[in-house]
1. Kindly indicate whether any position in the range 260-269 is crowded, with 21+ Cβ neighbours inside 10 Å and in contact with a Leu (Cβ under 9 Å, 6 or more places away or on another chain).
2. Just to be sure I understand the filter: pairs with C-beta atoms under 8 Å, separated by 6 or more residues or on different chains, first member in the range 52-70 and free of Cβ contacts under 8 Å to residues at least 40 places away in the same chain, second member crowded, with 23+ Cβ neighbours inside 10 Å and small (Gly, Ala, Ser). Which pairs pass?
3. Could you please let me know if CYS44 is hydrophobic (A, V, I, L, M, F, W, C), modelled with pLDDT of 80 or more and open to solvent by 10 Å² or more (accessible area, probe 1.4 Å)?
4. Are any of the residues in the range 275-289 touching a Lys or Arg at 6+ places or on another chain (Cβ under 7 Å), at negative phi, outside any helix (DSSP H, G or I) and open to solvent by 30 Å² or more (accessible area, probe 1.4 Å)?
5. Go through ASP287, ASP248, ASP271 for me and flag whichever is under 30 Å from LYS172 (Cα atoms) and of a type in the set (Asp, Glu).
6. Out of the range 341-368, which residues are more than 20 Å from THR328 (Cβ to Cβ), modelled with pLDDT under 80 and in a loop (DSSP other than H, G, I, E, B)?
7. Given the residues ILE309, ILE236, which is the only one that is of a type in the set (A, V, I, L, M), in contact with a Cys (Cβ under 7 Å, 6 or more places away or on another chain) and part of a strand (DSSP E or B)?
8. Please specify each residue of the range 292-312 satisfying the condition of being under 19 Å from the mean Cα position of the chain (by Cα) and not β-branched (Val, Ile, Thr).
Amino acid sequence: MANKNLNAAKAAKKDEFYTQLTDIERELQHYWPHFRGKTVLCNCDDPYESNFFKYFALRFNQLGLRKLICTCYNGSPVQGSELIIRFDDLDSEPRKQAFKVEITEVPDLNGDGAVDLTDVRYLLQNDKNVLSLLRTGDFRDPECVELLKQADVVVTNPPFSLFREYVAQLIKYDKKFLIIGNINAVTYKEVFPLIAGNRLWLGPSITSGDRKFQVPADYPLNAAGCGVDADGRRYIRVKGVRWFTNLDHNKRHEELDLVCHYSPENYPHYDNYDAIEVGKTADIPCDYEGIMGVPITFLDKYNPEQFEIIGMAKRGAGDPRLRSKVYTKADYQNYSDLNATPTLWGKGGKLFNTYPRILIRNKKPVKI
């Protein structure tokens, strides 16, 4: 579930969350072969300020990139916080304008024998061929869509409030991508079919806990987990963060070790779906051949060779073809909106409502 920080950000459209370099490094180590000879686009990132930009600029030669494109939007709250790039009169206050950086090489400009941020800074400040203004910098702007068409792989942290629209654009233009979102996005009607069809899956480096994100100076720090670090940067912690990608990685093909066995007492049957309830991924029975409802965090362990995704049971977004029963008002017994969510008969015959469930089948059940 998203925490209060994320909910507040959605309400205020303040979702400029800037990813920590350590989190980027842990995830990107699984994909290096995908980048050789490719054009990488970071289209929700401020050049130099963004850790995505820093990651690819510093490893440009090591990864064998063909080109790195990075864009920011008009009025970005962190633009110029580390490197001021001017496009106007030197006597005036620098304006926060949308611009792009296109890099085709990162040489050792200071001659110290290594490529580092000093070389990158010098490149941006002295080679005006790599810099140019944009109208808005919004990923939906036609000008930015043309940059997307050039890219082979998109890697960034898009605004959580625009996640559906952002993913739809990537799919429309058939792009490879690695982006950050919230685990609840797997239940979106625009996203889940991509997961069920093995066109999108989760990355391996984040499977639990919260993650620290830098936020702009005007972001309110009024929830647990917020703070200011030793360098004066403001940050929040967000629960349920995941990497979403269509780049293959080895961990996606590791089989989940199943140690539990099915019994009707331990795995109750849903009242409105022909499936059993499995409350934890670790409790998936090794010998059950039918359909099982598992938490959405099952996708952290999902191996498409081991399991088949049948559908989803979720209020308002579940597949109606999979339901075995549709409730009447008399069935609700003081519980409402249960039509599309798996339910169990609880104490006293009342309906017990579960969280959204992914409906799966084991492709390799053990024969007892």
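The values are calculated or read from the model by the stated rules, or taken from the named source; none is laboratory data. Worth saying up front: this structure is predicted, and the values here are computed from it rather than measured. Here the Cβ positions follow ideal geometry from the backbone for every residue, glycine too, while neighbour counts run over all protein chains shown. Heads up: the accessible areas ignore ligands, DNA and RNA and are worked out on the full protein's heavy atoms, side chains in. Shrake-Rupley method; radii C 1.70, N 1.55, O 1.52, S 1.80 Å.
1. No; the residues of the range 260-269 include none that is crowded, with 21+ Cβ neighbours inside 10 Å and in contact with a Leu (Cβ under 9 Å, 6 or more places away or on another chain).
2. Listed pairs, sorted by first residue: LEU68/ALA57; CYS70/SER50.
3. Yes: the conditions hold for CYS44.
4. Here is the first cut: in the range 275-289, the ones touching a Lys or Arg at 6+ places or on another chain (Cβ under 7 Å) are 281.
Still in the running and at negative phi: 281.
Those still in the list that are outside any helix (DSSP H, G or I) too: none.
No.
5. Numbers: ASP287 fails: under 30 Å from LYS172 (Cα atoms); ASP271 fails: under 30 Å from LYS172 (Cα atoms).
Of ASP287, ASP248, ASP271, the one residue that is under 30 Å from LYS172 (Cα atoms) and of a type in the set (Asp, Glu) is ASP248.
6. ILE368
7. ILE236
8. Step one: filter the range 292-312 for residues under 19 Å from the mean Cα position of the chain (by Cα), giving 295-303.
The answer is PRO295, PHE298, LEU299, ASP300, LYS301, TYR302, ASN303.
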